[in-house]
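Student: Input: one structure, supplied below.
Here, each number is a calculation from the coordinates, and none is a lab measurement. Because the structure is a prediction, the values reported are computed rather than measured. Because the Cβ atoms are built from the backbone with ideal geometry, glycine has one as well, and the counts that use them run over all protein chains shown.
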Amino acid sequence: MPKFTLDGKEIAFEPGETVMEAAWREGIEIPHYCWHPGLSVAANCRMCLVHIESGRQMAMPQLVFDEAKGEYVPTTKPKLQPACQLAAAEDMVVSSTNDEVKAAQASVQEFLLLNHPVDCPICDQAGECKLQDYYYEHQGTLKRKLTEPVHKPKGVRFGPTIIYDAERCIMCTRCIRVCDEVAKDHVLDMRERGNRNEIILAPGRELDHKYTLMTEHVCPVGALTSQDFRFKARVWFLKSGQGVCTGCATGCNTHVDYDPRYGKVYRLRPRDNPDVNQFWMCDDGMMTYARHDRDRLLMPTSGRAEERIPLGEDEALDLAAEKLKAVDGSKLAVVLSAQHTTEDNLALAKLAAALGTSQLYLAALGGWQGDDILRSDDNNPNRAGGTRAADGATLKSTSELVTDVQSGAVQGVLALGWAAAEKLEELAPLVTLDGVVSLTSHVGALPAVASVAIPVADIFEIEGSFVNDKGMTQAFSPVLSLPAGVDPAWKTIHDLAARLGKDLAEAAQ
Ligand code: SF4
Ligand code: SF4
Ligand code: FES
């Protein structure tokens, strides 16, 4: 590979790459605002100016005072160039740290802050704001403009998910480009010039496509904030874990930002993976985190509707085992879940085999639209993992389960997960059976028709893996502790198996 030198370090590059891209790939950050590795080059912020110390220099005209002549005379000096637009060339020598570059970085930074409100204490971006970081790294001087700053619109509702503050905006156009190039929807643009610039909506439009939260994600400052996250948490209190989105079978990689003090997840952010989601996530996927706290089942229950009563953990497992023992193995339906991990599904498939049933089903959500950007047509993260766990056995749907219950072919059910495509009334025939056991993290139609419901861990509390629609196995780690008395589903399945006289660890041999 050809090489160039950046700040004394040799950097290999692919022909056609820019200095910024090649440095970024090597883990070297040249200060930048408008450049983003997943977007086209705009080269408008000028924060990435570098000095070419060899060849290919562009000349910048300037006037220099000539003492002998007693007047200014025209001359030239090498022009600083934006690293985000500058094609890397063999043997080029570049500086991003010499005095001239440092002076340019400080000037650009000062310029960007001239009219900025500097309202960091009430800004959601504080703590992860490039203006803050670069002020300390590349400027650090007091404000010289003491007159009233230019005022612009604040708190502008761009749509159901995003609020815009034009005074904080540095006009990098990343938000415009993410709409144009990722969402393929030219809903944002820029108006006016100079310090009157602001981002605007297309006439008659709202920012309402399926990737609106990516505008906030790419905004390097606090100009775009998400309706969901704003004013809820200070980012320096948040820790981050590595997750996989449960929104669909694409399996976008995520940063799971949570506050360990409260055991609460506050947001998801895309985790770069060139083979899966590049740099992006869709809005529905970003919001899947909110399911965690909503409608959780945290206590075992028995009975249905008004007769439902709470049970102790052992009592619930004993009762579930008793009800399942009363069902003939060949008439027992075991329902795997396309929302649960492969590990949970494997344990359940193993229990089904140990109990002698071949009546396997797969519960999955429906009612969703995919696209040709990121979103899979399947809104379940692990249909492939559930199918893999069944090891070639036929998996019927939950609507077929209802038919089989009605025909008498199924007389008892052991089901994993809350998710099913059917509504409660469609699953109503299951309430005619005494032995319907649900292992679930949340309430839902499937747990609602169960005679025994046992809580199991949710996605943020366990390690495990999903298989996405490309067949890639993607593992994730827990970020939150298990709630009291709640285990991962595979562990609960092992405990239930023991009460049914089956040792799944042995069955694995
Ligand atoms: S709103 Fe943010 S992303 Fe959009 S131009 Fe302004 S600073 Fe850049
Ligand atoms: S495309 Fe699918 S996996 Fe990716 S963020 Fe959206 S819902 Fe989640
Ligand atoms: S990052 Fe190069 S000009 Fe903005």
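Student: Which one of these does K77 not meet: (1) touching a helix residue (DSSP H, G or I) at 6+ places or on another chain (Cβ under 8 Å); (2) away from ligand 3 (no atom under 16 Å from the Cβ); (3) closer than 17 Å to K102 by Cα?
Tutor: All conditions are met except number (1).
Student: May I ask you to list the residues in the range 362-392 that are buried (at least 16 other Cβ atoms within 10 Å of the Cβ) and away from ligand 2 (no atom under 16 Å from the Cβ)?
Tutor: Result: L362, A363, G386, T387, R388, A389, A390.
Student: Taking the range 37-70 as the search range and keeping residues that are among the β-branched types (V, I, T) and either touching a residue at least 60 places away in the same chain (Cβ under 8 Å) or crowded, with 17+ Cβ neighbours inside 10 Å (or both), which one is nearest to A106 (Cα to Cα)?
Tutor: Checking each candidate, the answer is V50.
Student: For the subset of the range 162-217 comprising residues that are basic (K, R) and under 20 Å from D372 (Cα atoms), which member is surrounded by the fewest Cβ atoms within 10 Å (Cβ to Cβ)?
Tutor: K184
Student: Let me ask another. Taking the condition touching a helix residue (DSSP H, G or I) at 6+ places or on another chain (Cβ under 7 Å), under 27 Å from K210 (Cα atoms) and surrounded by fewer than 20 Cβ atoms within 10 Å (Cβ to Cβ), does A126 pass?
Tutor: yes
Student: If you check G243 against the conditions, is it part of a strand (DSSP E or B), small (G, A, S) and crowded, with 23+ Cβ neighbours inside 10 Å?
Tutor: So G243 passes the test.
Student: Take the range 370-388 and flag every residue that is touching a Ser or Thr at 6+ places or on another chain (Cβ under 6 Å) and within 24 Å of G464 (Cα to Cα).
Tutor: Hits for the range 370-388 are L374, S376, P381, G385.
Student: Just the residues that are out of contact with any strand residue (DSSP E or B) (no Cβ under 7 Å at 6 or more places or on another chain) and touching a residue at least 40 places away in the same chain (Cβ under 8 Å), please, taken from the range 254-271.
Tutor: G263
Student: Please enumerate the residues belonging to the range 249-304 that are within 30 Å of D434 (Cα to Cα) and part of a strand (DSSP E or B).
Tutor: R296, T301, S302
Student: Still on this structure, please answer the following. Select from the range 207-226 the residues that are within 15 Å of ligand 1 (Cβ to nearest atom) and part of a loop (DSSP other than H, G, I, E, B) and write down the one among them that is nearest to I163 (Cα to Cα).
Tutor: That would be A223.
Student: Output yes when any residue across the range 130-144 is over 10 Å from L224 (Cα atoms), within 25 Å of the chain's Cα centre (by Cα), away from ligand 3 (no atom under 16 Å from the Cβ) and not hydrophobic (A, V, I, L, M, F, W, C), and no when none is.
Tutor: yes
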